[in-house]
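J.: Dropping the structure in here first, questions after.
The values are calculated or read from the model by the stated rules, or taken from the named source; none is laboratory data. All figures in this text were calculated on a predicted structure; none of them were measured in a lab. Backbone-built Cβ (ideal geometry, glycine too); neighbour counts: all protein chains shown. Keep in mind that these areas ignore ligands, DNA and RNA; they rest on the heavy atoms of the full protein, side chains included. Shrake-Rupley method; radii C 1.70, N 1.55, O 1.52, S 1.80 Å.
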Amino acid sequence: MAHGGGGKAMHDFIDDLFVDAFYNEPLAPLEDQARFSIDALARYGDRLAFTTDSYVVSPLEFPGGDIGKLAICGTVNDLAVGGATPLYLSCAVIVEEGVSVDLMRKVARSMAATAVEAGVEVVTGDTKVVERGACDKLFINTAGIGVIRAGVKLGVELAQPDDLVIVNGVLGDHGATILNARGDMKLDTEIFSDCAPLHGLIGALLEAAPNTRFIRDATRGGLATVLNEIARGSEVGIEIREGQIPIRAVVRGFCELLGLDPLYLANEGKIVCVVAKDEAEAALAALRAHPYGKDSVAIGHVTDERPGRVVMTTVLGGRRIVDTLVGEQLPRIC
Amino acid sequence: SDAAAAELGDAAEIRVIGTVQGVGFRPTVWRLATEERLVGEVLNDSEGVLIRTGGAAESIARFLRRLSAEAPPLARIERIEARGLPAPLLAESFEIVASLAGAPRTRVAADAAVCGACRAEVLDPSERRHNYAFANCTHCGPRFSIVTAVPYDRPHTTMSAFPMCAGCREEYEQPADRRFHAQAIACAECGPQIWLERFGEQRDPVRDPDAALAQTVAALRAGKIVAIRGLGGFHLACDATDGAAIQRLRERKRRDAKPLAVMATDVEMVRRYCRITELEQRLFEAVEAPIVILAADGPEALPAELAPGLDALGFMQPYTPLHLLVLRAVGRPLVMTSGNLAHEPQVTELDGARTELRDIADLALMHDREIANRIDDSVVRVSAGQPRLLRRARGYAPGAIRLPPGFEQAPPILAYGAEQKAAFCVLAEGAAVLSQHQGDLEELCTYEDYCKNLGLYADIYDHRPQLLVADLHPEYLSTKLALEVAAERGLPLRRVQHHHAHIAGCMAERGLALHAPAVLGVALDGLGFGTDGTIWGGEFLLADYRGYQRLASLAPVAMPGGVKAVREPWRNLYAQLRAAMGWEAFTRRFGALEGCADLGHKPLAVIDRMIEAGLNTPLASSTGRLFDAVAAAVGICPDRVRYQAQAAMELEAAAARAGLPSRAEAYPFARRREAEAGELIRLDPAPMWTRLAEDLERNAGPGTIAARFHLGLAAAVAELAFDLSQGSRVDTVVLSGGCFQNKLLLEQVTRDLESRGLRCLSNVDTPANDGGVALGQAVVAAATQLSE
Ligand SMILES: [Fe+3]
Ligand SMILES: [Mg+2]
Ligand SMILES: [Zn+2]
Ligand SMILES: [Zn+2]
């Protein structure tokens, strides 16, 4: 592993920390690259999936998780929503000089534990320590390789009229948790991030509903953003019912207080699935049987009306356009 | 001019451009020509009306003068072009000849209230249209609301479903008849019919029109709620003298506080409940038939449920024969509120009414003339001596607004307007057409109407824009649509700052020429997207059509919770007090106040954290939010507003009831100059809050406080505007933005500025609120284009 700009002692220490935490066979030789057998990969399916994402979050630790757990789950989920079995991850960390050793140890352990839960191995990595002010405490990048099951065909362009739109549980927990932690709101009740690896859940869904059209994790921009991506990608309309959208009372109250629309809040353990109508029941049953999907519910359906638009029937019976946001949630009232 | 007319000689070709088709223009031409003993012909073509005429030169000159002076009531002449013909005309008489086809460039008139002649016919038992609910003529009746395409001919209206009977056909073809070429002509034999449906009862509809009418009337008198299909949509009607019926309507419609419009048979009925001036009476009786906002202090009172917390009522005339027949038979004023669930556009279709209104109305008075274009009732209020349109819709749209000198060569422009009082504007050839008010674009139905109307207006005006214009706000659905269309058609898009658009729109409708010297624009409203990362709404701009310089604004204050702060006035009160003196200092001094205790029960710690962490807490220099804060301080809907601007409207009503105090009692505002904000002057309400709290302490009462606030704000605004105008050598102040729909504020600021020798302009023909923004966007873009 290369040396960063920071103090060598700290660098070596952190390097060791991660190498210890992630110890596994491909990582063991500490070469410049991890090596795997193609034959071994081919047992999982017929196509490779490869993704990368960088994680910056403030605060680094929050109820229900930390940046490390986020970095593993995020990349695992990005692979899983494409129908892939996630297998190998890389991990690159950029650490600001002076970050507490305790914190780094916690993050490394949390990443390792999450990787175990997700059934993936972190097989290559890198550490850089940079001067104070050159980054904000800790940035993590993970990339991942997975193998897509044979026969699985998922695409944002595949939604069809009458398909159902399903989410695997309550929305907005992660976004609310982060905002709450960031503002130090001192709410009576705590909110926890829903951060979780969803490959198992998605595997069960694809088994039960093989004609599933599309799955996406509702991360930044929340449910509203994903639904709009589907509506545009498939040139279909999507209709959802406000009354069907599962939101925890405490998150709802938090949104009320802050004036935020929960449809746009980030999630780290929630997926939006578009499933064929005749497989919807099986899909729901499979999802609900999984611990990360027990509150799964159909929130709406796909139509051939108004291609590209997402419309929500409100609890009062009105019909509201749900669009993507260009920026922050800004009042539009004059 | 007379000189020009004299040069025409004894034969002339005269072209009339404007809204001149389908309004009885040719029969008028025929009558005038015949009276002047002229020969020749008149016809409709794609440009408007074309006249070729011959006779004595002075007769032709007189004919030309009378043409403008005696044009039929619904005609809107934009231009008359006349030229002499070289040879005399070989004709024996004057004739109306068949229309020439061609690309339409003529206008569609706005819907008009039933005229005196039709009204008399409907009420006369000896007439064949006695009690017929759809009588109309070239001087009155439906136009825009029934148009499906242009040119405005019967096949292009929803009247195409009704073949004329022999009687109607004869009238239609008789030039001397006032129904000559009346495209919506109808009678009981051939035209639309009414019937009555009973929701929730398994009984057949009442098909006989007289019985349907009689049962409707009986139901209304018995306190029932009736859905009535009208001109531009369904109304929900009930007895306006019956508080219980009104309450029932409110509950079922889930509209708990917003004022309800009332229809009265005539001005005599209005006078029982309201003071009405001569000008207001003229508005009430005008062909546009708007809802006129009147002071509710007549000899009798209507139930408070009509307009809770307000001291004004909105009255309109029965503007169709159907309404007239119902009103006369009921003999009482009727609530006539739009037929919908709260926050949604009114229902127009029969099936829509059957599904969406069945839980609100007991009965539905239906008819089978389809409504092609949904259009709301317009609202007007006399303020500072002028009738001001608060909502511009039925009766006014799609009429053109003539632009001031300099805009004649403006290219075709389409401006998309704002978001919540959505209206767009098409501009071409020196005229601007502002679409009817369409409501909140986030409502699906409204958005779809807006899109449909964009197409309809483009057809009506044969408008192919070369330039699109939108607000700076990135999240307005109108902005997003404009961006999409611009990309799709490869058209340039210009973004115009919200408050500059408010000011420019007002300048344009008040006739300031393109190259007129700069004005001082004062834009007071709720929220508009600023250029400095904050939200604006209390702005003093040195402006012309092309650009502006922000000289001053209200001091920006946090809006904790963004949109939530608009709905919950207490948030603004807390933010204001916190900014003015700090919450702790405030409670130390005024802790005994009841309002202080109430605020103390709110989650203030969370709000503090939001403000400190900048969580969904934009800064806003908004006048609307200041009104909300003051309202909350005196106990006017502190927890929640139930309709837009409720707090401000009730605060105004409270001040009006108390009457304006002497100048000395006006609350003080401070001014400070912000070096880091480019020497911007901030008008700071901080000193006002101490005085207000002291007044609360001595139990001054909400009315007194509201009045002192109004006067203080008006004085501070006028004084700052005056000083800025002196500094910038400007002699005209332009007042716009939704807050100037507040009569007290507008009148006080106007009086103050005029007494200091300044010219003061404010919106008349277009709404001062966001309903007028599109016009401003269009002229700003046009001005920029014209000076390039
Ligand atoms: Fe505005
Ligand atoms: Mg990602
Ligand atoms: Zn008439
Ligand atoms: Zn007839």
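J.: For the peptides B:160-166, B:568-574, what is the packing order when you average, over each peptide's residues, the other Cβ atoms within 10 Å and list the highest mean first?
T.: On the way: B:160-166: 14.1, B:568-574: 26.3.
The densest-packed peptide leads the list: B:568-574, B:160-166.
J.: What is the distance in Å between the Cα centres of the range A:175-196 and the range A:62-93?
T.: The two parts, judged by their Cα centres, are 20 Å apart.
J.: Report Rg(Cα)/(2.2 N^0.38 Å) for the range B:194-367, keeping two decimals.
T.: 0.97
J.: Looking at the protein assembly as shown, what % of its DSSP beta bridges pair antiparallel, to the nearest 5?
T.: Roughly 75 percent of the beta bridges in the protein assembly as shown run antiparallel, per DSSP.
J.: What lysines sit close enough to A:Lys106 to cross-link, taking a C-alpha to C-alpha distance under 26 Å and skipping anything fewer than 8 places away on the same chain?
T.: A:Lys8, A:Lys69, A:Lys128, A:Lys137, A:Lys186, A:Lys270
J.: Near B:Lys452, which lysines are there with a Cα under 18 Å away, not counting those fewer than 8 places off in the same chain?
T.: Within the straight-line cut-off, B:Lys452 pairs with B:Lys421, B:Lys480.
J.: Compute the angle between helix B:209-221 and the longest alpha-carbon principal axis of chain B, please, reported from 0 to 90 degrees and rounded to the nearest 10.
T.: On a 0 to 90 degree scale, this one is about 20.
J.: Using only atoms on other chains, find how many Cβ atoms lie within 10 Å of each Cβ of peptide B:612-618 and report the average.
T.: 5
J.: Hey, which of these cross-link pairs are over 26 Å Cα-Cα: B:Lys602/B:Lys743; B:Lys258/B:Lys743; B:Lys224/B:Lys258?
T.: Beyond 26 Å between Cα atoms: B:Lys602/B:Lys743.
J.: Among B:Ala516, B:Ala329, A:Val226, whose Cα sits farthest toward the positive end of the charge dipole of the protein assembly as shown (+1 at Cβ of Lys/Arg, -1 at Cβ of Asp/Glu, about the Cα centre)?
T.: Positive-most Cα among the choices belongs to B:Ala329.
J.: Hey, what did the range A:8-148 get for relative contact order, percent, Cα under 8 Å, at least 6 apart? Please list the in-between numbers first.
T.: Details: 241 pairs, mean separation 56.9, N = 141.
Worked out over the range A:8-148, it gives 40 percent.
J.: Calculate the length of the line joining the C-alpha centroid of the range B:465-509 to that of the range B:363-414, in whole Å.
T.: Each part's Cα centre sits 20 Å from the other's.
J.: Hey, another quick one. Just want the answer: with Cβ charges of +1 for Lys and Arg and -1 for Asp and Glu, which residue in A:Tyr292, A:Leu171, A:Leu265 is farthest toward the dipole's positive end in the range A:164-321?
T.: A:Leu265
J.: Per residue, how many Å² of accessible area does the range B:2-96 show with a 1.4 Å probe?
T.: 44
J.: Output the 0 to 90 degree angle, nearest 10, between the alpha-carbon long axis of helix A:222-234 and the longest principal axis computed from the alpha carbons of chain A.
T.: 70
J.: Rounded, prolate or oblate, given the Cα gyration tensor of chain B, with a/c below 1.5 counting as rounded?
T.: Since a/c reaches 1.5 but b/c is at least a/b, the shape of chain B is classed as oblate.
J.: What full-extension length gain, to one decimal in nm, is calculated for A:Arg43 and A:Lys106 as 0.36 nm per residue of separation minus the Cα-Cα distance?
T.: Net length gain for the segment: 19.2 nm.
J.: For the range B:603-688, what number results from the quotient of the Cα radius of gyration and 2.2 N^0.38 Å?
T.: On the way: Rg = 15.8 Å, N = 86, 2.2 N^0.38 = 12.0 Å.
Cα-based Rg divided by the globular estimate yields 1.32.
J.: Moving on to the next point. Short version: what are the Cα gyration tensor semi-axes of the protein assembly as shown, square root of 5 times each eigenvalue, largest first, in whole Å?
T.: Equivalent ellipsoid of the protein assembly as shown: 59, 36, 31 Å, largest first.
J.: Determine the dipole magnitude for the range B:510-625: charges of +1 sit on the beta-carbon of Lys and Arg, -1 on that of Asp and Glu, nothing else is charged, the reference point is the Cα centre, and the result goes in debye to the nearest 20.
T.: Roughly 60 debye for the range B:510-625.
J.: Local charge sum around B:Asn572 (other residues, Cβ-Cβ under 11 Å, Lys/Arg +1, Asp/Glu -1)?
T.: Taking every other residue near B:Asn572 into account, the sum is +3.
J.: Around A:Val322, which amide H atoms from residues at least 5 apart in sequence, or from another chain, sit under 5 Å from its own amide H, with H modelled in the peptide plane?
T.: Long-range HN contacts for A:Val322: A:Val310, A:Val311, A:Met312.
J.: When only Cα pairs under 8 Å and 6 or more residues apart are kept, what is the percent relative contact order across the range B:2-96?
T.: 48
J.: Could you tell me the distance between the Cα centroids of the range A:260-334 and the range B:583-662, to the nearest Å?
T.: 35
J.: If amide hydrogens are placed 1.01 Å from N in the peptide plane, which non-local residues have theirs closer than 5 Å to the one on B:Phe94?
T.: Sorted by chain and number, the residues that satisfy this are B:Gly40.
J.: Where the only charges are on Cβ atoms (+1 Lys, Arg; -1 Asp, Glu), what is the dipole of the protein assembly as shown about its Cα centre, to the nearest 20 debye? If you can, show how the numbers build up before the last one.
T.: Working: 116 positive and 146 negative charges, 405 e Å.
The dipole magnitude comes to about 1940 debye.
J.: In nanometres, what is the gap between the two model label sites at B:Glu674 and B:Arg128, each 7 Å from Cα along Cα-to-Cβ?
T.: Each label point is offset 7 Å from its Cα along the Cβ direction, giving 7.2 nm.
J.: For the range B:339-441, restrict the atom set to alpha-carbon positions and state the Rg and Dmax in Å.
T.: When restricted to the Cα atoms of the range B:339-441, Rg and Dmax are 17.3, 55 Å.
J.: Moving on. Which residue, A:Ala28, A:Ala115, A:Ala159, tops the fluctuation ranking in a GNM of chain A built on C-alpha contacts under 10 Å?
T.: Per the Cα network of chain A with a 10 Å cutoff, A:Ala28 tops the list.
J.: Considering all alpha-carbon pairs of the range B:372-492, what whole percent are spaced by more than 19 angstrom?
T.: Above the 19 Å cut-off, the range B:372-492 has 49 percent of its Cα pairs.
J.: Can I ask one more? Calculate, for B:Thr34 and B:Arg169, the FRET efficiency according to 1/(1 + (r/R0)^6) with r their C-beta to C-beta distance and R0 25 Å; round to the nearest 0.05.
T.: 0.60
J.: For the range B:194-367, with only Lys/Arg (+1) and Asp/Glu (-1) charged at the beta-carbon, what is the dipole magnitude about the Cα centre, in debye rounded to 20?
T.: The calculation lands at about 260 debye.
J.: A follow-up question, please. Any chance you could get the radius of gyration and Dmax over the Cα atoms of the range A:8-148, in Å?
T.: Cα only, the range A:8-148: 15.0, 46 Å (Rg, Dmax).
J.: Rounded, prolate or oblate, given the Cα gyration tensor of chain A, with a/c below 1.5 counting as rounded? Don't skip to the end; give the middle numbers.
T.: Details: a/c = 2.26, a/b = 1.36, b/c = 1.66.
Cα axes put chain A in the oblate bin.
J.: Let me ask something else about it. Among B:Phe134, B:Tyr476, B:Phe284, whose Cα projects farthest towards the positive end of the dipole of the protein assembly as shown, with charges put on the beta-carbon of Lys, Arg (+1) and Asp, Glu (-1)?
T.: Towards the positive end, the residue furthest out is B:Phe284.
J.: On a 0 to 90° scale, report how tilted helix B:57-69 is relative to the longest principal axis of chain B, with both axes built from alpha carbons and the result rounded to the nearest 10.
T.: In chain B, helix B:57-69 runs at an angle near 40 degrees to the longest axis.
J.: What net charge is computed for the residues neighbouring B:Phe722, neighbours being all others with C-beta under 10 Å from the C-beta of B:Phe722, Lys and Arg scored +1, Asp and Glu -1?
T.: Surrounding charge for B:Phe722 is -2.
J.: List the relative contact order of the range B:194-367 as a percent without decimals, with contacts defined as Cα pairs under 8 Å and 6+ residues apart.
T.: Working: 353 pairs, mean separation 63.0, N = 174.
Computed over the range B:194-367, the figure is 36 percent.
J.: Roughly how many percent of the accessible protein surface of the protein assembly as shown is carbon and sulfur, given a 1.4 Å probe and a whole-percent answer?
T.: Of all accessible area on the protein assembly as shown, carbon and sulfur atoms account for 50 percent.
J.: While we're on this one: Counting only Cα, what are the radius of gyration and maximum Cα-Cα distance Dmax of the range A:203-334, in Å?
T.: That works out to 15.0, 50 Å for Rg and Dmax.
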